[in-house]
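The values are calculated or read from the model by the stated rules, or taken from the named source; none is laboratory data. Everything quoted here is computed from the prediction, not taken from an experiment. Neighbour counts run over all protein chains shown; Cβ positions are idealised from the backbone, glycine included.
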Amino acid sequence: MQPYGIQSMLKEGHKHLSGLDEAVVKNIDACKQLSTITRTSLGPNGMNKMVINHLDKLFVTNDAATIVNELEVQHPAAKILVLAGKAQQEEIGDGANLTISFAGELLQNAEELIRMGLHPSEIISGYNKGIIKTIELLEDLVEKGSENMDVRNKEEVITRMKAAVASKQFGQEDILCPLVADNPANFNVDNVRVAKLLGGGLYNSTVVRGMVLKNAAVGSIQRIEKAKVAVFAGGVDTSATETKGTVLIHSADQLENYAKTEEAKVEELIRGVVESGAKVIVSGAAVGEMALHFCERYKLMVLKISSKFELRRFCRTTGAVAMLKLCHPNPDDLGYVDSVSVEEIGGVRVTVVKNEEGGNSVSTVVLRGSTDSILDDLERAVDDGVNTYKAMCKDSRMVPGGAATEIELARKVKEFGLKETGLDQYAIAKFAESFEMVPKTLAENAGLNAMEIISSLYAEHANGNYKVGIDLEEGVWKDVSALNIWDLYITKFFALKFAADAACTVLRVDQIIMAKPAGGPRREQPAGNDED
Amino acid sequence: MAAMMQPQIILLKEGTDTSQGKAQLVSNINACTVVADTVRTTLGPRGMDKLIHDDKGNVTISNDGATIMKLLDIVHPAAKILVDIAKSQDSEVGDGTTTVVLLAGEFLKEAKPFIEDGVHPQNLIRSYRTACSLAIEKIKELAISIEGKTREEKKSLLAKCAATTLSSKLIGGEKEFFASMVVDAVVAIGNEDKLNMIGIKKVPGGSMRDSFLVDGVAFKKTFSYAGFEQQPKKFLKPKILLLNIELELKSEKENAEIRLSDPSQYQSIVDAEWNIIYDKLDKCVQSGAKVVLSRLAIGDLGTQYFADRDIFCAGRVSEEDLLRVAAATGGTVQTSVNNVIDEVLGTCEVFEEKQVGNERFNIFSGCPSGLTATIVLRGGADQFIEEAERSLHDAIMIVRRALKNSTVVAGGGAIDMEISRFLRQHARTIAGKSQLFINSYAKALEVIPRQLCDNAGFDATDVLNKLRQKHALPTGEGAPYGVDINTGGIADSFANFVWEPSVVKINAINAATEAACLILSVDETVKNPKSESAQGEAAASAMGGRGRGGAAFRGRGGRGMRRR
């Protein structure tokens, strides 16, 4: 049959979908499916997902960013949601789940509107008005006096961080938060390291001012205190030529002395390091046997750090300047450590580098847990905590947590919607309704009766108690300011904004045209499991 | 296929496998229960061993939970978590690996009816966590410190702990013999926290009783060249030189080349080479050392040169052994023979080469720094010695942990019963659902004494009832009562010296709870199709490991540190 219309313009094998039913509704369906997956992970009582990625690595997590990252979402519309989640993760580092779940909810409600007969463009305009109003309202909800904070005050930091960490590791936030908050003044995300060591339990976790290297010292000296450190990026060894060279020997004397000169040279270099006052040598590459021999002889401790990043951090910890090749170090280039010692933690030998003095800003959270998956999940919780810390340094304002803010927003936006004329009114009302998703999910995930909770929350808020949210410990509604559950304003702000943007983008699409996938060796082709 | 290419159906990549909901949770629990069932029968002194035959035809007989779990090669994602906790228990405390798997399995089993009845997993998790922290507090409260005792007393106390561990193993028949050996070895290395300083050497033949402990280093005679026979085989207080160079005639450097214009010079070059090696040998001799060990080869020439001068030498000593000799004798390994000062030479009381079974052993005993010990294990079959080695490793770890933490609790299921009783009592004070959950947690803990009885062929219900009665005594005097494996009744475990370091129990309960909570908290599994490169990788490792964690399932070599 002769192709006609759009089919005649495109290469064979393309896909073309258009119209409300085929494109918009189907897009919404896909997004809904995605958000159902992430939704059950929302909040402290959220359930974990077991995701096995294409490399056969197992993730057990309730961190939405990780889940969607490993899911390999294929659907183009659903991908937009994933991107919104990722944007949130990059901007703030927390709240990705709120973004995706909220966007999913917005779209679900949009579907109802479409079925009612509204045109997507009307929904979009309503949603846009909704989000603008929401942001205005959100600002009003900010807790008074929270815009100024002392980021070095541990208490204040923990207050703001608690909710973020609790949503990942409920019941353990009281242990984790101080670990994250106990960081030096000079804050930078890269300065907080996490060392995961199998065995023990979370209560064994500690913070080390300095670094924890996951290997033992090279030589026999395993412990040294208050020592100067020389760092050599290029390895501690005799230097060899890059180009292939051959040493020509002409006489017996030369042959006999050949080895001796090399030995003397290495000894001279090592002695140079010793004379500069260094007690610890750190090598970025291999440590030659001959060099090690002389290090032992001169009682130097030798560490090997093969990762360039680790080496750079080590320099930052100790204040040392990495020298490219083995040479006589300048006293200014030496770093200082309080102590370096090899310790055995849970059957693994690690080198603990401590430095309290000077401008050291690197600290390491040593996490303990009984399985790799628990450790990975703890690490993500710590990451979220660190990111929240970063965010609160930018903007320390906070809003009531535990769904109190969402209910208040839902109520206010609904009121605002009623004042609007035209079809926008419906869209704004649905927008407001979408906020209910948060308390509903929180309650459902905690095994509570969602409808009962929501209605009582509305009642409380109508009486002006805008800080009343869900207390998940006891399963009742309470004033969250008394429970000290706070969310960062900036996290909420971006999460809601990204979600609304993503939802509008998905709604705006009315046609999907997929070109035929390019030829060439396709990844899936040889995998026979597609057929069966 | 193109016709059904509706994009909304394919949210995820083709071949992605998802399952979710209650059914999925129950299936995860079932998988874990099955795994726990396999190791169940190995618990306790009367536990049975497992024979595992892998695809390469290697046979392992073991009673050690961690070893069995590793060899089982589990692919189920949820059940893998149990393997992880066994591994964690192994690295943290070294023993109690069966216990931890069994407990986790039992916690999940108890949770299953609740899940099926529609209880939200989070409620269970919260109660389990509370129960766990209560249990740990209780253990700490019940633990008895062995701090402040004299060295001798402490030693006998530690031997009790080691004996408890060993009683559940293949070499349980000789537990006193091995327990004192293990304690001596651990006490010898002192506070220096280095497991690899205790060497375990295996020599087939003889009986278990022929095993012995060397307060120094022992290793099998290395390959030797002609002239070795003439070397003396016993020294008193010899000086020991440790080298990392070859004492052999060979080219000096890879990249050196000799070009001669005058043929008459040729002989001088040959002489020079000989001079170099003679010079090295001479320096070794001049250092005053009577024993020369090298990590690299010592050739014919060197062997004979040393033999002529009444020096013992051994080349190709494995690095581990060499380092142990260095630590024991106080010497340092030299990479050059120039400038050998007295300081780098080690020494020991007696060096001798002895016949052990049909092997010859080089034994350094009476080392000054005393930081090493070597256990030479004898036994009938290879598998037997392998298992004995694993058992000793567990015992060594237990003694080390006991030494470090210095608190012990009563074994034989006594502590489990006591915690169980305590939790039941506590549960009654709680209003609400968690009462049920904490009760089920308490019930799960009873699996330890129950299994001990089952494995020994006793009537578990009968014994448990007796135990419950004892533990329920209001005076609290029944707290240390556990299963008496000899009579089939109950007995005061503490008085019978069935002791365990408290850290073993704490870690076991903690790890088991964490694992159980993790499995309960999963409500969805998404399995992405493997990418092609990963498939190749997986085929290469043939074990379906998972990225970095794969090493755990490679069976042998996993618990590398006990290999020697």
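Below is a table of values for the structure above.
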item	result
Residues of region A:204-240 satisfying the condition of being charged (D, E, K, R), within 26 Å of A:L324 (Cβ to Cβ) and modelled with pLDDT under 85	A:K214, A:D237
Residue ranges of helices (runs of 4 or more DSSP H) in region B:432-523 with at least 3 members within 30 Å of B:V183 (Cβ to Cβ) and within 14 Å of another protein chain (Cβ to nearest Cβ)	B:502-520
Given (1) modelled with pLDDT of 85 or more; (2) in contact with a Lys or Arg (Cβ under 9 Å, 6 or more places away or on another chain), number of the condition B:Q334 does not satisfy	(1)
Among the candidates B:A444, B:A456, residue that is under 28 Å from the mean Cα position of the chain (by Cα) and surrounded by fewer than 24 Cβ atoms within 10 Å (Cβ to Cβ)	B:A456
Any hit, region B:192-201, residues being more than 14 Å from chain A (Cβ to nearest Cβ), surrounded by fewer than 23 Cβ atoms within 10 Å (Cβ to Cβ), closer than 29 Å to A:V342 by Cβ and of a type in the set (A, V, I, L, M, F, W, C)	yes
Residue in region A:119-136 that is modelled with pLDDT of 85 or more, outside any helix (DSSP H, G or I) and away from chain B (no Cβ under 14 Å) present	yes
Which listed residue, of A:D174, A:D190, is surrounded by fewer than 19 Cβ atoms within 10 Å (Cβ to Cβ), within 14 Å of chain B (Cβ to nearest Cβ), closer than 30 Å to A:K49 by Cβ and of a type in the set (D, E)	A:D174
Residue within region A:40-49 that is assigned by the TED database to the domain that holds A:D510, of a type in the set (K, R), outside any helix (DSSP H, G or I) and touching an Asp or Glu at 6+ places or on another chain (Cβ under 7 Å) present	yes
Complete set of residues in region B:71-108 that are more than 10 Å from chain A (Cβ to nearest Cβ) and either among the aliphatic types (A, V, I, L, M) or out of contact with any helix residue (DSSP H, G or I) (no Cβ under 7 Å at 6 or more places or on another chain) (or both)	B:L71, B:L72, B:I74, B:A79, B:V101, B:L102, B:L103, B:L108
Search result, residues across region B:395-431 that are charged (D, E, K, R) and part of a loop (DSSP other than H, G, I, E, B)	B:R428
Tally of residues being farther than 14 Å from B:R316 by Cα and not in a strand (DSSP E or B) across region B:201-227	9
Qualifying residue in region A:254-269 (condition: buried (at least 16 other Cβ atoms within 10 Å of the Cβ), modelled with pLDDT of 85 or more and β-branched (V, I, T))	no
Helices (runs of 4 or more DSSP H) contained entirely in region B:28-136, each with at least 3 residues that are in the same structural domain as B:V504 (by the TED database) and under 27 Å from B:R428 (Cα atoms)	B:97-116
Residues that are buried (at least 20 other Cβ atoms within 10 Å of the Cβ), in contact with a Leu (Cβ under 8 Å, 6 or more places away or on another chain) and more than 14 Å from chain B (Cβ to nearest Cβ), drawn from region A:315-362	A:A320, A:L326, A:V340, A:V353
A:E90 being out of contact with any helix residue (DSSP H, G or I) (no Cβ under 6 Å at 6 or more places or on another chain) and either surrounded by fewer than 24 Cβ atoms within 10 Å (Cβ to Cβ) or in a helix (DSSP H, G or I) (or both)	yes
First in region A:37-66 and on the phi > 0 side of the Ramachandran plot, second anywhere and β-branched (V, I, T) and crowded, with 22+ Cβ neighbours inside 10 Å, Cβ under 7 Å, 6 or more apart	A:G43/A:T441
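Here's the yes/no breakdown for (1) within 9 Å of chain A (Cβ to nearest Cβ); (2) over 23 Å from B:E353 (Cα atoms); (3) at pLDDT 80 or above:
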| residue | (1), (2), (3) |
| --- | --- |
| B:Q231 | no, no, yes |
| B:L236 | no, no, yes |
| B:L241 | no, no, yes |
| B:N244 | yes, no, yes |
| B:E248 | no, yes, no |
| B:E254 | no, yes, no |
| B:I258 | yes, yes, no |
| B:N275 | yes, yes, yes |
